[in-house]
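The values are calculated or read from the model by the stated rules, or taken from the named source; none is laboratory data. Keep in mind that what you see is a predicted model, and the values were worked out from it rather than measured. Please note: Cβ atoms are built from the backbone with ideal geometry, for glycine as well, and neighbour counts cover all protein chains shown. Note: accessible area is taken over every heavy atom of the protein model, side chains too, but ligands, DNA and RNA are not part of it. Shrake-Rupley method; radii C 1.70, N 1.55, O 1.52, S 1.80 Å.
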Amino acid sequence: MSSMNRALQLLEDWLFGALAFGSIWLALILAAALVSSLLVGVVLICGRPQAVRASRNRFQARTLELLLFRHDVRVLCTACGRILAANAVYISQLFWPALVSALPLTVLWMHALAWFEHRPAGQGHLTVLELQLADEFPVLSTPVEVVRAEGFDNIVGPVRIPACNQLCFRLTTANVNNAEITLRVGTEEYRQLVPIDERLVRLSPVIERDRPWLQLMHPADRPLSVTGPVVRIVTHYPKRTVFVGQWECSASFVGIVLTGALSLLGARMLGLSLF
Amino acid sequence: MIWLLTYVGPGAGMTVVGSFFVLLTAVGLLAFSLLTLPCRLFLIWRRRRAAGLRGRVPQVVVVGLDGFDPDRMQRLFALGRLPHLQRLAGVGTCTTLQTTLPPISPVAWSSFQTGVNPGKHNIFDFLNRDLRTCLPELSSVRTISADGQPWWRRFGTRVQMLRKSQPFWRILGNYGIFSTVLRVPITYPPEPFFGLSLSAMCTPDLRGTQGTFTMFSSDPQARAMVTGGLCIPIERRPRIETWLPGPADSRGGSHTDLRARLTIQIHPKKFEVYIRCGSESFSLELAQSTGWIPVTFRSGLLRQVGGLCQFRLESLTPHVRLYVSPIHLDPERPAMPISHPQVYSIYLAKLHGAFATAGLAEDTWGLNSGAISEAAFLEQTYRIHDERERMLMDALHRMRRGLTVCVFDGPDRIQHMFMRHDDPHHPANAGRNVTEHADVIDDMYDRMDALVGRVAAAILPDATLMVLSDHGFCSFRRGANLNAWLIAEGYLTRRTDVAAGDYLSDVDWTQTRAYAFGLSGIYLNLQGRESRGIVPPEDAARLRQEIAGKLQMWRDPQDGGRVVSRAYDAHTSYSGPYKSNGPDVIVGYERGYRAAWDCAVGRTDGAALQDNTRLWSGDHCVDPDLVPGVFLSNRVFSAGAMSIMDLAPTILCLFGIKPPEYMDGIARELIPATQTPCVTEPERTMAESLA
């Protein structure tokens, strides 16, 4: 696990962990505020409203040229290229802050999603555990056994799916805080924690092999060994939803809306504009 | 992608979608233009063929330098300066250009564009008088208000062009020759033709005036000095809340004009202020000017008008003095058309940024009344000059065929305001610094020369370049109040029961035979023309001769010199249907004299001759023979003195079009380059011309 991941986890565990017993809304607002402040900061530093406005005006002027110089064959023949070039410049100017903020915001969002995208399995719920094997380990001939299982009422599997080279387990959770299952696939042992909780906890629905980019995308747990037979473990948690009035929607969607609203508010307060 | 969604969602997304709509429109427009192009080209070809058109040049570029003086140019030539103009003179034509009677810009540029004398184009001065009320009105534009009309006829205020005849670019357009006409005086309101035009002189500011600046001052003495602008009193406090007056509010109400909130916050330690005007906020250091700041005046829930102005902090201690330039119409969203087609000003603004649109863009009144310093005025003038050069260069880049005309006002404005530096005995020098800007005018000529060099480099080798000025320049030391002179000579009688005032308000019309108004001359109080006329038409010719004769005998008691070089009888000097609309006697002053400031606004009191102590220290409203313009070209034209009226028929001929019969100018022949170049000719005098 990278030091950046570790640092971000510490920060977010501190931020959201404190709110784990509180309202999901407070945590969402906090997460949205964190992301939007970063977004506004990036736009503040990297945004070039004058340049965006100038490039937009130039693009529009190029279009007006068609109207003003429509008698001129030379202008007509070169108009398309000029308009497209001006538009490309305009779009690139407009999205420059987005490009600059892409990496830090992705990392931050992925960490936030680990908290808000899914909720833990409830007591007596059915959870499916998928293990994707590497191509050199055929699913039918690779030995699999459950070494240890705690906190589950029932375990069904493994179900072997040769078409996908996948192993699946159906786990029914019991009335404990954390369920845990340890599997041996080939010679390697894999331990998967399945939280059983109603509170806000960090979840890792997907664990992959240790690659820098994948680490950023699935930041919650330690990555899998690159030499082992399993390349990915997916735990199917239920989606976390919140109610906005009578409307049930996913927490991550609400997070996006909140981030947008807070970004606009921040930009307004700082007198910031994209163009 | 979530961060992208968040970024796009609030506004950028709509913008991106909008940009694709624009793209879509552009593609549609392009397809339409390409599909219809063969038809349009065929129509132009047929029209040209029917007219037997055989042009000798593909492109003509005319650079107008308002007030560029041939004498000064020759002096600088002798010093080895102005290399680009010297090169033009060496390979092509360099001659003086006979100007119009009177030699003032609206008259001269009207003659340039129409090829006719003022009797045919109806522009005789900046101002004309209402024959019923004797109140002044612009000579080239009449605003017809929709107020009082039934609701179904209230299509808004109409602006009517009073210049008659037609500009030669309209004739070119009839033959399918495209023109770009930038800032040629007396082109407001813009007229339709096959080409693009941006209006100039007489284009109003947002307040509907010819340029009213605003001064915010905490100094009561400075407030008293301000003329030609508005002065808003403020108190010097850390935070000053005030308002910027805008155009008249047509809804009525407690205020007569629309207003924009203005907050001036003084920085406690630095020499700067933080200004918030409407939705714009910026900081401004002492003796610094802003660029064009957009201001919006709301006149209802969904109605607003936008303008542009520049701010300058002239003083901070002990008194705050903040200058705001006249509010120009915003070219990107003009409150009234200032270009043809209307999108042309929008195109220019989008391509080059905001630019000055008012007719008299350089704020000479601001400098004249001390609202801004000479340095600030120069900065403003050169900024406007640069804006115009960008437009011209863009037009040259776009157009490789047809006509391009651009007039630069900088030489005129700078010579008006800085001529005193050239004249050690000028009355305006008393108590003023004469060394700081001593070389401003010569430096300006160098700049104009560099401009001509850039234009010459930008055009194709087979293009014809013409550089011309509408008149020359001289010092303005003494003002002549013609009304006071008319009183002394017994032609004008004042009422004793009315205090002296502007616009002939104290004239006893029952006993007045002649009166003066504006810059150019004297009007007879003619029966049947003036509402209270007393001079019978049969006496008019004799009276004109009598007044002209006496004017030529007028001597200045200060040195015994002549005040008037020549007085012209308008009825013999002009020809055409409108000659009776102008002054009856046109006064050609000697160098150093001009109509006094009071006389221009129709005042009758004061001395007949008075020193001109204002910073407006140079002028050209003298005898036309004393201030000819200049004409240079990279082509050799047939020998002989040229008149500004010759340009229109000459250019028409260059494109192979026979000039219309009504034109007074003579088409000059283009001589092949192998022949001997034309040499500088002595100018044809106005007297010779009239003969």
Subject >> Test: residue in segment B:413-429 that is of a type in the set (S, T, N, Q) and surrounded by fewer than 18 Cβ atoms within 10 Å (Cβ to Cβ) >> reply: yes
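Listed here are the residues, each with its yes/no results for (1) in contact with a Ser or Thr (Cβ under 8 Å, 6 or more places away or on another chain); (2) open to solvent by less than 20 Å² (accessible area, probe 1.4 Å).
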residue	(1), (2)
A:GLN93	yes, no
A:PRO97	no, yes
A:PRO104	no, no
A:MET110	no, no
A:LEU113	yes, no
A:PRO120	no, yes
A:GLN123	yes, no
A:SER141	no, no
Original post:
In segment B:518-539, what residues are touching a strand residue (DSSP E or B) at 6+ places or on another chain (Cβ under 7 Å), over 16 Å from B:ALA567 (Cβ atoms) and not in a helix (DSSP H, G or I)?
Top reply: B:ASN525, B:LEU526, B:GLN527, B:GLY533, B:VAL535
Original post:
Out of curiosity, is B:THR357 at pLDDT 90 or above and more than 21 Å from the chain's Cα centre (by Cα)?
Top reply: no
Subject >> Among the candidates B:ALA349, B:ALA361, residue that is small (Gly, Ala, Ser), touching a residue at least 40 places away in the same chain (Cβ under 8 Å) and open to solvent by less than 10 Å² (accessible area, probe 1.4 Å) >> reply: B:ALA361
Original post:
What tally of residues in segment B:89-114 results from selecting those that are out of contact with any helix residue (DSSP H, G or I) (no Cβ under 7 Å at 6 or more places or on another chain) and among the aliphatic types (A, V, I, L, M)?
Top reply: 3
Original post:
Of the residues B:LEU526, B:LEU519, B:LEU551, which single one is aliphatic (A, V, I, L, M) and more than 18 Å from B:LEU131 (Cα to Cα)?
Top reply: B:LEU551
**OP:** Select from segment A:240-275 the residues that are out of contact with any strand residue (DSSP E or B) (no Cβ under 6 Å at 6 or more places or on another chain) and part of a strand (DSSP E or B) and list them in ascending order.
**Re:** A:VAL242, A:PHE243, A:VAL244, A:TRP247, A:CYS249
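Residue-wise test of (1) outside the structural domain of B:ARG544 (by TED's automatic domain parsing); (2) touching a residue at least 12 places away in the same chain (Cβ under 8 Å); (3) small (Gly, Ala, Ser).
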residue: B:GLY561; (1), (2), (3): no, yes, yes
residue: B:THR572; (1), (2), (3): no, yes, no
residue: B:SER580; (1), (2), (3): no, yes, yes
residue: B:ALA600; (1), (2), (3): no, yes, yes
residue: B:SER633; (1), (2), (3): yes, yes, yes
residue: B:PHE637; (1), (2), (3): yes, yes, no
residue: B:ASP646; (1), (2), (3): yes, yes, no
residue: B:GLY656; (1), (2), (3): yes, yes, yes
residue: B:GLU661; (1), (2), (3): yes, no, no
Subject >> Restricting segment B:451-476 to residues that are farther than 27 Å from B:HIS620 by Cα, in a loop (DSSP other than H, G, I, E, B) and not small (Gly, Ala, Ser), the residue that is modelled with the highest pLDDT >> reply: B:ILE459
**OP:** For residues that are open to solvent by 20 Å² or more (accessible area, probe 1.4 Å) and either touching a helix residue (DSSP H, G or I) at 6+ places or on another chain (Cβ under 9 Å) or over 23 Å from B:ILE186 (Cβ atoms) (or both), tally how many sit in segment B:335-346.
**Re:** 4
Original post:
Going by the conditions given, is B:GLY431 over 22 Å from B:ARG333 (Cα atoms), touching a helix residue (DSSP H, G or I) at 6+ places or on another chain (Cβ under 9 Å) and either away from chain A (no Cβ under 14 Å) or part of a helix (DSSP H, G or I) (or both)?
Top reply: no
Subject >> In segment B:39-48, the residues that are open to solvent by 80 Å² or more (accessible area, probe 1.4 Å) and within 11 Å of chain A (Cβ to nearest Cβ) >> reply: B:LEU43
**OP:** Might you let me know whether segment B:234-247 holds any residue that is closer than 30 Å to B:LEU162 by Cα and assigned to a loop (DSSP other than H, G, I, E, B)?
**Re:** no
Subject >> Output for segment B:482-504, where each listed residue is touching a residue at least 60 places away in the same chain (Cβ under 8 Å), open to solvent by 40 Å² or more (accessible area, probe 1.4 Å) and assigned to a loop (DSSP other than H, G, I, E, B) >> reply: B:ASP502, B:TYR503
Original post:
For segment A:75-91, how many residues meet the condition of being of a type in the set (Val, Ile, Thr), surrounded by fewer than 16 Cβ atoms within 10 Å (Cβ to Cβ) and within 10 Å of another protein chain (Cβ to nearest Cβ)?
Top reply: 0
Subject >> Answer residue from segment B:74-97, given it is touching a Gly at 6+ places or on another chain (Cβ under 8 Å) and assigned to a strand (DSSP E or B) and is most open to solvent (accessible area, probe 1.4 Å) among those >> reply: B:THR96
Subject >> Filtered residue count, segment B:318-333, keeping only those that are over 19 Å from the mean Cα position of the chain (by Cα) and either surrounded by fewer than 24 Cβ atoms within 10 Å (Cβ to Cβ) or not aromatic (Phe, Trp, Tyr) (or both) >> reply: 8
Subject >> Residues of segment B:186-200 satisfying the condition of being within 14 Å of chain A (Cβ to nearest Cβ) and within 18 Å of the chain's Cα centre (by Cα) >> reply: B:PRO190, B:SER197, B:LEU198
Original post:
Among the residues of segment A:45-73, which ones are more than 8 Å from chain B (Cβ to nearest Cβ) and exposed (fewer than 15 other Cβ atoms within 10 Å of the Cβ)?
Top reply: A:ILE45, A:CYS46, A:PRO49, A:GLN50
Original post:
Which residues, taken from segment B:119-133, are in a loop (DSSP other than H, G, I, E, B) and either open to solvent by less than 10 Å² (accessible area, probe 1.4 Å) or modelled with pLDDT of 85 or more (or both)?
Top reply: B:ASN122, B:ILE123, B:PHE124, B:ASP125, B:PHE126
